[in-house]
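Below you'll find the structure, written out as C-alpha coordinates, and then a few comments.
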Amino acid sequence: MILRAYNCENAEIDLFENVAVLELMRPEIFNNVLLDLTDPAFPAREVAIEDGDKMLTANAICCVSDLLELSLSGKTLLGKLYKYIDNSVFSDPEEKMNLDNSISRLRQYFLETLQCLDVDLETSPTVEVKDVCAMFGLTPFCATDSVASKLEQFITLCAELKLCKVLVLIQAKAYMDDLSLESVYRNALRHRIGLIMVESAHRQEKLYAEKKIIVDKDFSDQIL
(Lines give C-alpha, C1' and ligand atoms only; values in the text may rest on other atoms or scores of the structure.)
Protein backbone atom coordinates (compact mmCIF):
# COMPACT_ATOMS: atom_id res chain seq x y z
CA MET A 1 0.00 0.00 0.00
CA ILE A 2 1.22 3.44 -0.92
CA LEU A 3 0.39 6.73 0.80
CA ARG A 4 0.61 9.62 -1.67
CA ALA A 5 0.86 13.28 -0.70
CA TYR A 6 -0.20 15.15 -3.81
CA ASN A 7 0.80 18.67 -2.72
CA CYS A 8 4.23 17.65 -1.48
CA GLU A 9 6.14 16.88 -4.68
CA ASN A 10 3.84 13.87 -5.07
CA ALA A 11 5.69 12.19 -2.18
CA GLU A 12 4.92 8.53 -1.55
CA ILE A 13 5.41 6.20 1.41
CA ASP A 14 5.22 2.41 1.23
CA LEU A 15 3.13 1.50 4.28
CA PHE A 16 4.38 -2.10 4.25
CA GLU A 17 7.97 -0.88 4.65
CA ASN A 18 7.63 2.33 6.66
CA VAL A 19 5.52 4.10 9.24
CA ALA A 20 4.21 7.33 7.74
CA VAL A 21 4.63 10.33 10.04
CA LEU A 22 2.81 13.44 8.82
CA GLU A 23 3.94 16.51 10.76
CA LEU A 24 1.47 19.18 9.70
CA MET A 25 1.76 22.59 11.30
CA ARG A 26 -0.92 24.29 9.20
CA PRO A 27 -4.36 23.63 10.77
CA GLU A 28 -6.14 23.65 7.42
CA ILE A 29 -3.78 21.02 5.99
CA PHE A 30 -4.05 18.96 9.17
CA ASN A 31 -7.85 19.00 8.85
CA ASN A 32 -7.79 18.23 5.13
CA VAL A 33 -5.54 15.23 5.68
CA LEU A 34 -7.93 13.87 8.32
CA LEU A 35 -10.85 14.39 5.93
CA ASP A 36 -8.97 12.52 3.20
CA LEU A 37 -8.35 9.59 5.56
CA THR A 38 -11.81 9.42 7.11
CA ASP A 39 -13.85 10.32 4.02
CA PRO A 40 -11.75 9.54 0.93
CA ALA A 41 -12.86 11.41 -2.17
CA PHE A 42 -11.56 12.00 -5.67
CA PRO A 43 -9.64 14.12 -6.23
CA ALA A 44 -7.94 13.96 -2.83
CA ARG A 45 -7.44 17.19 -0.92
CA GLU A 46 -3.96 16.28 0.33
CA VAL A 47 -3.36 12.53 0.61
CA ALA A 48 -4.70 9.21 -0.60
CA ILE A 49 -3.81 5.56 -0.10
CA GLU A 50 -3.37 3.21 -3.03
CA ASP A 51 -4.00 -0.49 -2.53
CA GLY A 52 -2.78 -2.12 -5.71
CA ASP A 53 -4.56 -0.39 -8.57
CA LYS A 54 -7.39 0.97 -6.39
CA MET A 55 -7.79 3.75 -3.87
CA LEU A 56 -8.38 2.54 -0.33
CA THR A 57 -11.91 3.26 0.91
CA ALA A 58 -12.94 4.59 4.33
CA ASN A 59 -14.12 1.21 5.63
CA ALA A 60 -10.55 -0.11 5.33
CA ILE A 61 -9.13 2.78 7.40
CA CYS A 62 -9.46 3.05 11.17
CA CYS A 63 -8.76 6.42 12.82
CA VAL A 64 -8.04 6.70 16.54
CA SER A 65 -8.16 10.25 17.84
CA ASP A 66 -8.01 9.53 21.60
CA LEU A 67 -5.76 6.69 22.70
CA LEU A 68 -6.93 7.02 26.30
CA GLU A 69 -10.41 5.99 25.14
CA LEU A 70 -9.18 3.06 23.04
CA SER A 71 -11.23 0.05 24.13
CA LEU A 72 -10.54 -3.62 23.55
CA SER A 73 -14.00 -4.60 24.77
CA GLY A 74 -16.29 -2.47 22.64
CA LYS A 75 -19.47 -4.11 21.36
CA THR A 76 -18.43 -3.93 17.69
CA LEU A 77 -14.95 -5.35 18.31
CA LEU A 78 -16.25 -8.19 20.49
CA GLY A 79 -18.91 -9.01 17.91
CA LYS A 80 -16.24 -9.40 15.25
CA LEU A 81 -14.07 -11.46 17.63
CA TYR A 82 -16.92 -13.85 18.43
CA LYS A 83 -17.81 -14.22 14.76
CA TYR A 84 -14.16 -14.91 13.94
CA ILE A 85 -13.99 -17.61 16.64
CA ASP A 86 -17.19 -19.16 15.29
CA ASN A 87 -15.92 -19.19 11.69
CA SER A 88 -12.32 -20.23 12.38
CA VAL A 89 -12.32 -22.49 15.45
CA PHE A 90 -15.76 -24.04 15.44
CA SER A 91 -16.03 -24.46 11.69
CA ASP A 92 -14.26 -27.73 12.42
CA PRO A 93 -17.09 -30.32 12.70
CA GLU A 94 -15.42 -32.21 15.54
CA GLU A 95 -14.88 -29.06 17.61
CA LYS A 96 -18.46 -27.95 16.97
CA MET A 97 -19.79 -31.35 18.04
CA ASN A 98 -17.71 -31.25 21.25
CA LEU A 99 -19.04 -27.79 22.03
CA ASP A 100 -22.66 -28.83 21.38
CA ASN A 101 -22.23 -31.84 23.67
CA SER A 102 -20.80 -29.66 26.43
CA ILE A 103 -23.68 -27.19 26.07
CA SER A 104 -26.19 -30.05 26.19
CA ARG A 105 -24.71 -31.36 29.46
CA LEU A 106 -24.71 -27.88 30.96
CA ARG A 107 -28.33 -27.33 29.91
CA GLN A 108 -29.39 -30.63 31.49
CA TYR A 109 -27.59 -29.80 34.75
CA PHE A 110 -29.10 -26.34 34.80
CA LEU A 111 -32.68 -27.55 34.28
CA GLU A 112 -32.31 -30.34 36.85
CA THR A 113 -31.02 -27.84 39.41
CA LEU A 114 -33.99 -25.54 38.78
CA GLN A 115 -36.56 -28.27 39.39
CA CYS A 116 -36.83 -26.99 42.96
CA LEU A 117 -38.76 -24.01 41.60
CA ASP A 118 -42.50 -24.41 41.25
CA VAL A 119 -42.59 -22.86 37.79
CA ASP A 120 -42.38 -24.15 34.25
CA LEU A 121 -39.12 -23.24 32.54
CA GLU A 122 -37.51 -23.86 29.17
CA THR A 123 -34.25 -22.99 27.48
CA SER A 124 -33.45 -21.87 23.98
CA PRO A 125 -33.15 -24.90 21.69
CA THR A 126 -29.99 -23.48 20.15
CA VAL A 127 -26.98 -21.78 21.70
CA GLU A 128 -24.56 -20.04 19.37
CA VAL A 129 -20.83 -19.67 19.82
CA LYS A 130 -21.26 -15.93 20.43
CA ASP A 131 -23.59 -16.75 23.35
CA VAL A 132 -20.93 -18.94 24.94
CA CYS A 133 -18.28 -16.25 24.42
CA ALA A 134 -20.53 -13.67 26.07
CA MET A 135 -21.39 -16.03 28.93
CA PHE A 136 -17.71 -16.43 29.76
CA GLY A 137 -17.08 -12.71 29.27
CA LEU A 138 -14.45 -13.42 26.64
CA THR A 139 -12.45 -10.27 25.89
CA PRO A 140 -8.95 -9.53 24.55
CA PHE A 141 -6.41 -9.55 27.37
CA CYS A 142 -3.76 -6.88 27.84
CA ALA A 143 -0.94 -7.54 30.31
CA THR A 144 -0.63 -3.89 31.33
CA ASP A 145 -2.75 -0.76 31.21
CA SER A 146 -0.15 1.16 29.23
CA VAL A 147 -1.28 2.92 26.07
CA ALA A 148 1.40 1.14 24.02
CA SER A 149 0.36 -2.34 25.21
CA LYS A 150 -3.30 -1.70 24.45
CA LEU A 151 -2.38 -0.29 21.07
CA GLU A 152 -0.22 -3.30 20.17
CA GLN A 153 -3.04 -5.65 21.13
CA PHE A 154 -5.46 -3.58 19.05
CA ILE A 155 -3.14 -3.76 16.02
CA THR A 156 -2.92 -7.54 16.42
CA LEU A 157 -6.72 -7.71 16.53
CA CYS A 158 -6.97 -5.50 13.44
CA ALA A 159 -4.79 -7.97 11.56
CA GLU A 160 -6.34 -11.16 12.93
CA LEU A 161 -9.96 -10.05 12.57
CA LYS A 162 -9.33 -8.01 9.40
CA LEU A 163 -10.80 -4.90 11.02
CA CYS A 164 -8.84 -2.57 8.76
CA LYS A 165 -5.85 -2.32 6.46
CA VAL A 166 -4.60 1.05 7.71
CA LEU A 167 -4.57 2.49 11.21
CA VAL A 168 -4.36 6.27 11.62
CA LEU A 169 -3.24 7.62 14.99
CA ILE A 170 -3.84 11.30 15.72
CA GLN A 171 -1.40 13.08 18.06
CA ALA A 172 -0.31 9.68 19.40
CA LYS A 173 3.25 10.75 20.19
CA ALA A 174 1.96 12.72 23.16
CA TYR A 175 1.08 9.43 24.89
CA MET A 176 4.20 7.29 24.34
CA ASP A 177 7.96 7.48 24.70
CA ASP A 178 10.29 6.55 21.84
CA LEU A 179 10.82 2.93 22.92
CA SER A 180 7.07 2.37 23.16
CA LEU A 181 6.51 3.98 19.76
CA GLU A 182 9.12 1.79 18.11
CA SER A 183 7.55 -1.30 19.66
CA VAL A 184 4.18 -0.28 18.22
CA TYR A 185 5.81 0.37 14.83
CA ARG A 186 7.40 -3.08 14.74
CA ASN A 187 4.11 -4.71 15.64
CA ALA A 188 2.25 -2.90 12.85
CA LEU A 189 4.89 -3.73 10.24
CA ARG A 190 5.01 -7.36 11.36
CA HIS A 191 1.24 -7.69 10.96
CA ARG A 192 1.22 -5.70 7.71
CA ILE A 193 -1.13 -3.07 9.07
CA GLY A 194 -0.36 0.30 7.50
CA LEU A 195 0.36 2.85 10.23
CA ILE A 196 -0.01 6.60 9.75
CA MET A 197 0.88 9.07 12.50
CA VAL A 198 -0.73 12.50 12.10
CA GLU A 199 0.96 15.14 14.27
CA SER A 200 0.65 18.91 14.53
CA ALA A 201 4.26 19.50 15.65
CA HIS A 202 7.69 18.67 14.25
CA ARG A 203 10.21 16.54 16.13
CA GLN A 204 13.84 16.52 15.10
CA GLU A 205 14.45 12.85 15.87
CA LYS A 206 13.48 10.16 13.42
CA LEU A 207 12.59 6.80 14.92
CA TYR A 208 12.86 3.27 13.54
CA ALA A 209 10.99 2.79 10.25
CA GLU A 210 9.64 6.34 10.18
CA LYS A 211 9.33 8.22 6.92
CA LYS A 212 8.26 11.81 7.44
CA ILE A 213 6.36 14.36 5.45
CA ILE A 214 6.66 17.78 7.07
CA VAL A 215 4.60 20.86 6.22
CA ASP A 216 5.53 23.93 8.25
CA LYS A 217 3.55 27.10 8.96
CA ASP A 218 4.85 28.72 5.78
CA PHE A 219 3.57 25.84 3.62
CA SER A 220 7.15 24.69 3.01
CA ASP A 221 7.30 20.92 2.74
CA GLN A 222 10.04 18.41 3.36
CA ILE A 223 10.37 14.65 3.03
CA LEU A 224 12.65 12.77 5.42
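Some observations on this one:
- Whichever residue in segment 76-89 is under 14 Å from the mean Cα position of the chain (by Cα) and either open to solvent by less than 30 Å² (accessible area, probe 1.4 Å) or of a type in the set (D, E, K, R) (or both) and, among such residues, is farthest from K130 (Cα to Cα): L77
- Residue count for segment 49-80 satisfying the condition of being in a strand (DSSP E or B) and either within 11 Å of V166 (Cβ to Cβ) or not aliphatic (A, V, I, L, M) (or both): 7.
- Condition met for K150 (in contact with a strand residue (DSSP E or B) (Cβ under 6 Å, 6 or more places away or on another chain), in contact (Cβ under 8 Å) with a residue 60 or more places away in the chain and outside any loop (DSSP other than H, G, I, E, B)): no
- Residue count for segment 208-224, restricted to those that are within 28 Å of L161 (Cα to Cα) and open to solvent by less than 70 Å² (accessible area, probe 1.4 Å): 3
- Checking the stated criteria, E23 turns out to be acidic (D, E), within 23 Å of Y175 (Cα to Cα) and either part of a strand (DSSP E or B) or touching a helix residue (DSSP H, G or I) at 6+ places or on another chain (Cβ under 9 Å) (or both).
- Segment 29-48: number of residues that are open to solvent by less than 10 Å² (accessible area, probe 1.4 Å) and part of a loop (DSSP other than H, G, I, E, B): 0
- Test result for K130, assigned to a helix (DSSP H, G or I), in contact with an Asp or Glu (Cβ under 9 Å, 6 or more places away or on another chain), modelled with pLDDT of 90 or more and over 19 Å from I170 (Cβ atoms): yes
- Checking V168 against (1) closer than 20 Å to A48 by Cα; (2) assigned to a helix (DSSP H, G or I); (3) not charged (D, E, K, R), the condition it does not meet: (2)
- For segment 159-181, filtered to residues that are over 17 Å from the mean Cα position of the chain (by Cα) and of a type in the set (D, E), the residue that is most open to solvent (accessible area, probe 1.4 Å) is D177.
- Residue in segment 66-75 that is modelled with pLDDT of 95 or more, touching a strand residue (DSSP E or B) at 6+ places or on another chain (Cβ under 7 Å) and surrounded by 12 or more Cβ atoms within 10 Å (Cβ to Cβ) present: no
- Test: residue in segment 148-158 that is crowded, with 17+ Cβ neighbours inside 10 Å and over 24 Å from Y82 (Cβ atoms): yes
- Put simply, of I85, I61 the only residue that is over 26 Å from N31 (Cα atoms) and of a type outside the set (K, R) is I85.
- Of the residues making up segment 14-28, those that are open to solvent by 20 Å² or more (accessible area, probe 1.4 Å) and more than 20 Å from A188 (Cα to Cα) are M25, R26, P27, E28.
The values are calculated or read from the model by the stated rules, or taken from the named source; none is laboratory data. Everything numeric in this text was worked out from a predicted model, so none of it was measured. When we count neighbours, we look across all protein chains shown, and the Cβ atoms used for this are built from the backbone with ideal geometry, even at glycine. What goes into the accessible areas is simple: the full protein's heavy atoms, side chains included, and nothing from ligands, DNA or RNA. Shrake-Rupley method; radii C 1.70, N 1.55, O 1.52, S 1.80 Å.
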